[in-house]
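Worksheet for the structure shown next.
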Amino acid sequence: MNKFWLMALLLIPNLVLADPTYEFGDSTTLAITSPTSKDSISIPANDQEVFEASGGESKYIWKTSIGVFYETGNSTTTSIKGNSIIYKAPPCPDGCKDVVTVTDEYGHSDTIKIDVVANTEIPCSITPETYEISTGGNVTLELNGNNDTVSWVAHDGGELYAQKGKQTIFTAKAVGTYRITGTNIMDKTCSAMATITVDSNCHITPEQATISADSIQQFSMVGTNCNDISWYTDGGYIDQDGMYTAPSINGNYTVTAQVNNAGYSDIADIKVKAECLVTTKNIFLQPNASKFIEIASGDGPYSATSNYGDNIKELSNLGKFKYKAAQRTGEDTITVCCDGGLQCKEINANISQMYANLPKEVQINSRHSFDIIGGKPDYFSDSSNIRFTKGSGKGIYIAPDHETIDSITIYDHDSENLISHSIEVRSDISPIINPSIVHAVALGENLNFLVIGGRGPFTWNYTGSEISPNGKTANIVTKGTTGKYYLSVIDDATGLKSEKVTIPVTLSLRISPKSYTIYKGESDITKVRFDMSGGAGGCNWESDDIQILPENERDYHVIVRPQIKDRPAGTEYTVTCRDQAGKEASAIITVAKLTFDSDDDGSINSEEVQKAIGYYFEEHIEVNYKMDRTELFLHLENFRQ
């Protein structure tokens, strides 16, 4: 072997041993380097500080005199190079001194002096302790105490975000009540709970609505994050855009909006009122003439006004009015309202010395009958499309075979009065059902309808159970159940559809009780109540020679006071209900004598009452009569010593 390399091999071990830093690191530079390289620091009592050392061997041993380390909970802990430890200062109410020392495996060490500053104890509490928040919002929670490290727990399915030190953030995702607990990591006795109530900021609008049967109402949810909505209703129909269609039957219903992403729902109340319908759409009158107007359907209170001023008189609170035309001629508009003005209909009034109920638009080649009121027969016209029945006010209009505006003038016998009228003749006109307004009808009734206008053939549509169509006419039998049904017709030649006709079907009008017996000897202040069921709307109550108590008169029941004292046995009183469709039902009150009032004096003596009691309890069987309890009591009440 080369002498040079042999000498090098012999010298290398001595060179390694001569260098104390080789393989063991820089032991002479072991030092506490964080938080600073100072020899001492100040820390508030119960507070924390992070320490880190560098240099020396890779494993460090940490010691403190009176404080503790977070990692072990006592005065000693270990770490390796590059890792930090957490020191917690002692309580020291009056302040104190402490020392933290770090030592490596070879005895190298460093020390830092700690001045523990007196710190007033902070009560353990959470803020806010209770809180109300809407979905989509958030709230910051903080645990107050002498420690910056807190463990947070969300109960009841709540979620926490951005947990840092003493604070955390609660985000409200769903409606409900949530509990959040914060616990001091260094002092487990410091634990507090917050209660968070989450309500939805989504609310339905409108909250209440009053609409007529079969009408529509738009509902919405207002607020933030209110897009995922499901709509429900217990009456009628609502689509998933919140458009509500009322049912045909009036009543109280609800609409529910479910906020799917918040587990929350809100409810709106709906009052569906009967549709306000009037018996006529147009009125033709001479000056100062009168016309009765009646509301066929709809709830009160009712009202009627006209453009000509105070010329309408209310005849009853059931929707009957008397309209008097003004002295001057011209057009007037009558506004009739139901539900205290919530639903209104307009009636056109044509006031003239002479008028004819001619149509305003017709189908080509169609024929239309009309009547002339006022003036003096015979009548004549400058139009070849008009035919009159001699000596009367009846005529026929024959539409031409082409589209046009047909201007017509009609004169009376002395040419003192005339009617000027224009008719639009069209090739395609929507069919019209006559009659267009139907009062409430009972089950089992027959109704006949006619199509006016249109070309035909026609297709009839009825939502009820039985209809017999025959070209331009149709017959309906009201079968099935009560409710509102609808009739319409389509002109197959043009595809045009008529306006629907509402047919309210009710039970037959009845009065209960149908008969009632009063007895001579009863008090003249005796009151008898009758109730209406079925029929159309409320009743107009009438009675012959009997007192109707006005303070007790109602649409659907009445209380009467019959005369008894001076009326002979066998006297009958009639109580009649006339409903809004003009149907009538009656009940009979009969005056009778008490069975055992043998002397007909209207009172019972001791002998007569003994007979009554005996027969009631069947002590005497020779008379084939069974007295009811009510009559027995009347005998007893009329007993006089």
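The values are calculated or read from the model by the stated rules, or taken from the named source; none is laboratory data. Predicted model, so just to flag it, every value in this text is computed and none were measured. When we count neighbours, we look across all protein chains shown, and the Cβ atoms used for this are built from the backbone with ideal geometry, even at glycine. With ligands, DNA and RNA removed, areas are computed over all heavy atoms of the protein, side chains included. Shrake-Rupley method; radii C 1.70, N 1.55, O 1.52, S 1.80 Å.
Screening GLU346 on (1) part of a strand (DSSP E or B); (2) open to solvent by 30 Å² or more (accessible area, probe 1.4 Å); (3) in contact with a Phe, Trp or Tyr (Cβ under 9 Å, 6 or more places away or on another chain) shows it passes everything except condition (3). Residue pairs whose Cβ atoms lie under 7 Å apart, sitting 6 or more positions apart in sequence or on different chains, and linking a residue in the range 235-250 that is on the phi < 0 side of the Ramachandran plot to a partner that is of a type outside the set (Phe, Trp, Tyr) and open to solvent by 60 Å² or more (accessible area, probe 1.4 Å), are MET243/ILE216; MET243/GLN218; TYR244/ILE216; THR245/ILE216.
Per-residue answers, yes or no, for (1) crowded, with 19+ Cβ neighbours inside 10 Å; (2) part of a strand (DSSP E or B):
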{"residue": "PRO93", "(1), (2)": "no, no"}
{"residue": "ILE112", "(1), (2)": "yes, yes"}
{"residue": "ASP115", "(1), (2)": "no, yes"}
{"residue": "GLN163", "(1), (2)": "no, yes"}
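Residue pairs whose Cβ atoms lie under 6 Å apart, separated by 6 or more positions or on different chains, with the first residue in the range 390-405 and within 12 Å of SER427 (Cα to Cα) and open to solvent by less than 30 Å² (accessible area, probe 1.4 Å) and the second modelled with pLDDT of 90 or more and not in a loop (DSSP other than H, G, I, E, B), are ALA399/VAL425; PRO400/VAL425. Right, ASN365: free of Cβ contacts under 8 Å to residues at least 40 places away in the same chain and closer than 27 Å to LYS291 by Cβ or not? Taking the combined requirement at face value, the residue does not satisfy it.
Do any strands (runs of 3 or more DSSP E) entirely within the range 225-336 hold 1 or more residues that are surrounded by fewer than 21 Cβ atoms within 10 Å (Cβ to Cβ) and more than 27 Å from the chain's Cα centre (by Cα), and if so, which?
Details: elements: 229-233, 243-245, 251-259, 264-273, 282-285, 290-297, 303-306, 312-316, 320-324.
In the range 225-336, 282-285, 290-297, 303-306, 312-316, 320-324 are the strands (runs of 3 or more DSSP E) which contain 1 or more residues that are surrounded by fewer than 21 Cβ atoms within 10 Å (Cβ to Cβ) and more than 27 Å from the chain's Cα centre (by Cα).
Say we look at the range 349-364 and pick out the residues that are assigned to a loop (DSSP other than H, G, I, E, B) and modelled with pLDDT under 85; which of these is surrounded by the most Cβ atoms within 10 Å (Cβ to Cβ)? Before you say what the answer is, go through the steps one by one.
Applying the first criterion (assigned to a loop (DSSP other than H, G, I, E, B)) to the range 349-364 yields 352-353, 357-360, 364.
If we keep only those that are modelled with pLDDT under 85 too, we end up with 352-353, 357.
Details: SER352: 22, GLN353: 15, ASN357: 14.
Looking at residues that are assigned to a loop (DSSP other than H, G, I, E, B) and modelled with pLDDT under 85, I get SER352.
Being buried (at least 18 other Cβ atoms within 10 Å of the Cβ), assigned to a strand (DSSP E or B) and out of contact with any Lys or Arg (no Cβ under 8 Å at 6 or more places or on another chain) is the filter here, so list the residues in the range 140-151 that pass it. Matches in the range 140-151: LEU141 only. Restricting attention to the range 117-133 and to residues that are open to solvent by 50 Å² or more (accessible area, probe 1.4 Å) and farther than 19 Å from ASN184 by Cα, the residue that is modelled with the lowest pLDDT turns out to be ALA118.
Number of residues in the range 56-80 that are touching a Gly at 6+ places or on another chain (Cβ under 8 Å), open to solvent by 20 Å² or more (accessible area, probe 1.4 Å) and under 19 Å from THR29 (Cα atoms): the value is 2. Within the range 77-91, the residues that satisfy the criterion of being among the hydrophobic types (A, V, I, L, M, F, W, C), touching a residue at least 24 places away in the same chain (Cβ under 8 Å) and in a strand (DSSP E or B) are ILE85, ILE86.
Look through the range 373-389, keep the residues that are of a type in the set (Val, Ile, Thr) and either under 57 Å from the mean Cα position of the chain (by Cα) or part of a strand (DSSP E or B) (or both), and return whichever of them is surrounded by the most Cβ atoms within 10 Å (Cβ to Cβ). It comes out as ILE386. Considering (1) closer than 30 Å to ASP371 by Cα; (2) in contact (Cβ under 8 Å) with a residue 40 or more places away in the chain, the lone condition that LYS313 does not fulfil carries the number (2).
Just so you know, in the range 46-71 the residues that are part of a loop (DSSP other than H, G, I, E, B) and modelled with pLDDT of 85 or more include one that is farthest from the chain's Cα centre (by Cα), and it is SER65. The residue that is modelled with the lowest pLDDT, counting only those in the range 395-440 that are over 53 Å from the mean Cα position of the chain (by Cα) and assigned to a strand (DSSP E or B), is LEU418. The residue of the range 187-200 that is nearest to MET221 (Cα to Cα), among those that are surrounded by fewer than 20 Cβ atoms within 10 Å (Cβ to Cβ) and touching a residue at least 40 places away in the same chain (Cβ under 8 Å), is ASP199. Flag set for GLY375, criterion: modelled with pLDDT under 85 and either in contact with a Ser or Thr (Cβ under 7 Å, 6 or more places away or on another chain) or closer than 15 Å to TYR411 by Cβ (or both). If you filter the range 165-184 down to residues that are in contact (Cβ under 8 Å) with a residue 60 or more places away in the chain and open to solvent by 40 Å² or more (accessible area, probe 1.4 Å), you find that the one that is nearest to THR140 (Cα to Cα) is LYS173. From the list CYS96, CYS124, the lone residue that is out of contact with any helix residue (DSSP H, G or I) (no Cβ under 8 Å at 6 or more places or on another chain), touching a residue at least 24 places away in the same chain (Cβ under 8 Å) and within 30 Å of ALA31 (Cβ to Cβ) is CYS96.
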